[in-house]
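Q: If you scroll down you'll find the structure; I have some questions about it.
The values are calculated or read from the model by the stated rules, or taken from the named source; none is laboratory data. This is a predicted model, so every value here is computed, not measured. Reconstructed Cβ throughout: ideal geometry from the backbone, glycine too, with neighbour counts over all protein chains shown.
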Amino acid sequence: MSSLEQCVKTLDRRQILVAGAIGALLQGTRSWAAAPASATFRIGALNPITGGGANFGSGMQQAILISAAEVNAAGGAAGRKLEVFPEDDQTSPTAAVLAAKKLLEVNKVQAILGTWASGVSLAVLPMTNAADAILMHTSGAVALADPKVNARKMAFRYQGSSKHLSKAFATAARKEGLTRPAVMAQNNPALAPHAEGFRKVWTADGGKLTDFVLYEPNRPSYRSELQQVLRSRPDGIILSAYVPDASAIVREWAQLGTPMKWIIPGFGANVDFIKAVTPEVAEGIVVVESVVNDKSGAYARYARQYALAMKQAPESNVYAAMCYDMVQVLALAIEAAGPGADIQAIVAKIHAVTTGNGQPVDGFVAGKKLLDQKKAVNYVGASSNIDFDAENDVDPTFAAFVIRAGKWSAAYAI
């Protein structure tokens, strides 16, 4: 039996009721039109439904709806129902700005959840800051933690930053026996810092690079950059890229016929990448990705509902698990802040319900009971333990996979 079949089979009656409640969330303001404004908390689900992140976006948005429906089925957070307004950021900063403007100015959302691409999050963060709204994202750009960028401390990252990914890649490269790799990376706010971070970590330990190439995206061919790297005779290539250019580069490498070990991030070597380059070409490529917290109760509950809604194995989309956690954390913070709390009081409680010495809980329902008893809680999430540092970043667990017969095969934890 597949993991998808197991998840659907074990779906319980309560979760079926929660799944049915998702339709009400999609009704927007109509769901609670008669209720006063203080009876709701408005959330913008701004996700990459189309564009480079489309393989993850629909699942991310569905996870937000699933999680919000759970909270509402439990009576809401501090008496407030969660109201979700879904939008597509198209994996484009320009489109994201327009969508965020609508969410903030028309829908009057108090939080935007689930931006994926770093360029999108960097474009949206000044808007949420100006609107006194929370931003929860899965973007890697180190700049998102810069005190000048996140000056109001209202943005929270649920994915490892580029600096975390750089360390994970260096560990994987050593485990793979590389001694003189080359680096190719897309020149953008997330991937260029990841590549620079890898170079810093690698050379700090005495490692050598044969070449370091930053290329511009959206080109019909990267053959010249690839040939430059291959002429340096590396024993492996670290490729920091999204699916379209990763696919183009690896296809061109296959045509050249030079034996090579590749290490690629999960967002660049997903199922669409494997289809694009063919399983035969992808065979043996090492993939580094953050992994879900699959031993937690939150993950078990999320996974069953995600499998039912998306007809996909839940482990295929770690970003969806992050989005599920965003809503759970936000709801716990609202509950902890109490009825009628303003946005700053809610923000002040986010660390308190995730990163303290409170009693571990696997979700809003369990946390609400303890908070009602004036007890401290510590949410253990579906995607990670959700322990925020001083920069509002988490440090998730990474793992290496090897592509075998067209699928990721787990290799080792990092």
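Q: Could you look through the range 272-292, keep only residues that are crowded, with 23+ Cβ neighbours inside 10 Å and small (Gly, Ala, Ser), and pick out the one that is farthest from Gly53 (Cα to Cα)?
A: It comes out as Ala282.
Q: Spot the failing condition for Val402; the list is (1) outside any helix (DSSP H, G or I); (2) surrounded by fewer than 21 Cβ atoms within 10 Å (Cβ to Cβ); (3) at pLDDT below 95, and only one is missed.
A: Checking Val402 against (1) outside any helix (DSSP H, G or I); (2) surrounded by fewer than 21 Cβ atoms within 10 Å (Cβ to Cβ); (3) at pLDDT below 95, the one that fails is (3).
Q: Can you name the residue in the range 308-346 that is at pLDDT 95 or above and of a type in the set (Asp, Glu) and is also nearest to the chain's Cα centre (by Cα) among such residues?
A: Filtering first and then ranking leaves Asp325.
Q: How many of the residues making up the range 126-162 are surrounded by fewer than 19 Cβ atoms within 10 Å (Cβ to Cβ) and not aliphatic (A, V, I, L, M)?
A: Qualifying residue count for the region: 8.
Q: With respect to Phe169, determine if the residue is of a type outside the set (Lys, Arg) and more than 27 Å from Glu196 (Cα to Cα). So that I can check it myself, show each step before the final result.
A: On the way: of a type outside the set (Lys, Arg): yes; more than 27 Å from Glu196 (Cα to Cα): no.
No.
Q: Looking at Thr397, is it modelled with pLDDT under 95 and more than 22 Å from Met154 (Cα to Cα)?
A: Values: modelled with pLDDT under 95: yes; more than 22 Å from Met154 (Cα to Cα): yes.
Criteria met by Thr397.
Q: Would you check which residues across the range 56-99 are β-branched (Val, Ile, Thr) and either closer than 23 Å to Glu289 by Cα or in a helix (DSSP H, G or I) (or both) and list them?
A: Here is the first cut: in the range 56-99, the ones β-branched (Val, Ile, Thr) are 64, 66, 71, 84, 91, 94, 97.
Ile64, Ile66, Val71, Thr91, Thr94, Val97 - these are the residues of the range 56-99 that are β-branched (Val, Ile, Thr) and either closer than 23 Å to Glu289 by Cα or in a helix (DSSP H, G or I) (or both).
Q: Also: Kindly state which strands (runs of 3 or more DSSP E) lie completely within the range 125-223 and contain at least 2 residues that are in contact (Cβ under 8 Å) with a residue 40 or more places away in the chain and either under 22 Å from Met260 (Cα atoms) or of a type in the set (S, T, N, Q) (or both). It would help to see each step written out before you state the result.
A: Details: elements: 134-137, 155-157, 182-186, 212-215.
Per the criteria, 182-186.
A quick yes/no check of all residues on (1) in contact (Cβ under 8 Å) with a residue 12 or more places away in the chain; (2) aromatic (Phe, Trp, Tyr); (3) farther than 17 Å from Ile134 by Cα; (4) out of contact with any Gly (no Cβ under 9 Å at 6 or more places or on another chain):
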| residue | (1), (2), (3), (4) |
| --- | --- |
| Gly52 | yes, no, yes, yes |
| Ser58 | yes, no, yes, yes |
| Phe85 | yes, yes, no, no |
| Ser92 | yes, no, yes, no |
| Val97 | yes, no, no, yes |
| Lys102 | yes, no, no, no |
| Ile112 | yes, no, no, no |
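Q: Please note which helices (runs of 4 or more DSSP H) are completely contained in the range 239-285 and include at least 2 residues that are closer than 21 Å to Leu214 by Cβ and under 25 Å from the mean Cα position of the chain (by Cα).
A: On the way: elements: 243-256, 271-277, 279-282.
Filter on the range 239-285 gives 243-256.
Q: When only residues in the range 201-218 that are surrounded by 13 or more Cβ atoms within 10 Å (Cβ to Cβ) and not aliphatic (A, V, I, L, M) count, which is modelled with the lowest pLDDT?
A: Residues of the range 201-218 that are surrounded by 13 or more Cβ atoms within 10 Å (Cβ to Cβ), as a first pass: 201-202, 207, 209-215, 217.
After this cut, where a residue has to be not aliphatic (A, V, I, L, M) as well, the list is 202, 207, 210-212, 215, 217.
Working: Trp202: 97, Gly207: 96, Thr210: 98, Asp211: 98, Phe212: 98, Tyr215: 97, Pro217: 89.
Out of the qualifying residues, it is Pro217.
Q: Provide a single number: the residues in the range 371-399 that are surrounded by 20 or more Cβ atoms within 10 Å (Cβ to Cβ) and assigned to a helix (DSSP H, G or I).
A: So the count comes out to 1.
Q: Follow-up. Mind counting the residues in the range 116-159 that are more than 12 Å from Ala190 (Cβ to Cβ) and hydroxyl-bearing (Ser, Thr, Tyr)?
A: 2
Q: How many of the residues in the range 231-250 are surrounded by fewer than 16 Cβ atoms within 10 Å (Cβ to Cβ) and in contact with a helix residue (DSSP H, G or I) (Cβ under 9 Å, 6 or more places away or on another chain)?
A: 0
Q: Going through the range 100-120 one residue at a time, which ones are β-branched (Val, Ile, Thr) and either in a helix (DSSP H, G or I) or surrounded by fewer than 22 Cβ atoms within 10 Å (Cβ to Cβ) (or both)? Don't jump to the end; show me each part of the working.
A: At the first step, the residues of the range 100-120 found to be β-branched (Val, Ile, Thr) are 106, 109, 112, 115, 120.
Val106, Val120 - these are the residues of the range 100-120 that are β-branched (Val, Ile, Thr) and either in a helix (DSSP H, G or I) or surrounded by fewer than 22 Cβ atoms within 10 Å (Cβ to Cβ) (or both).
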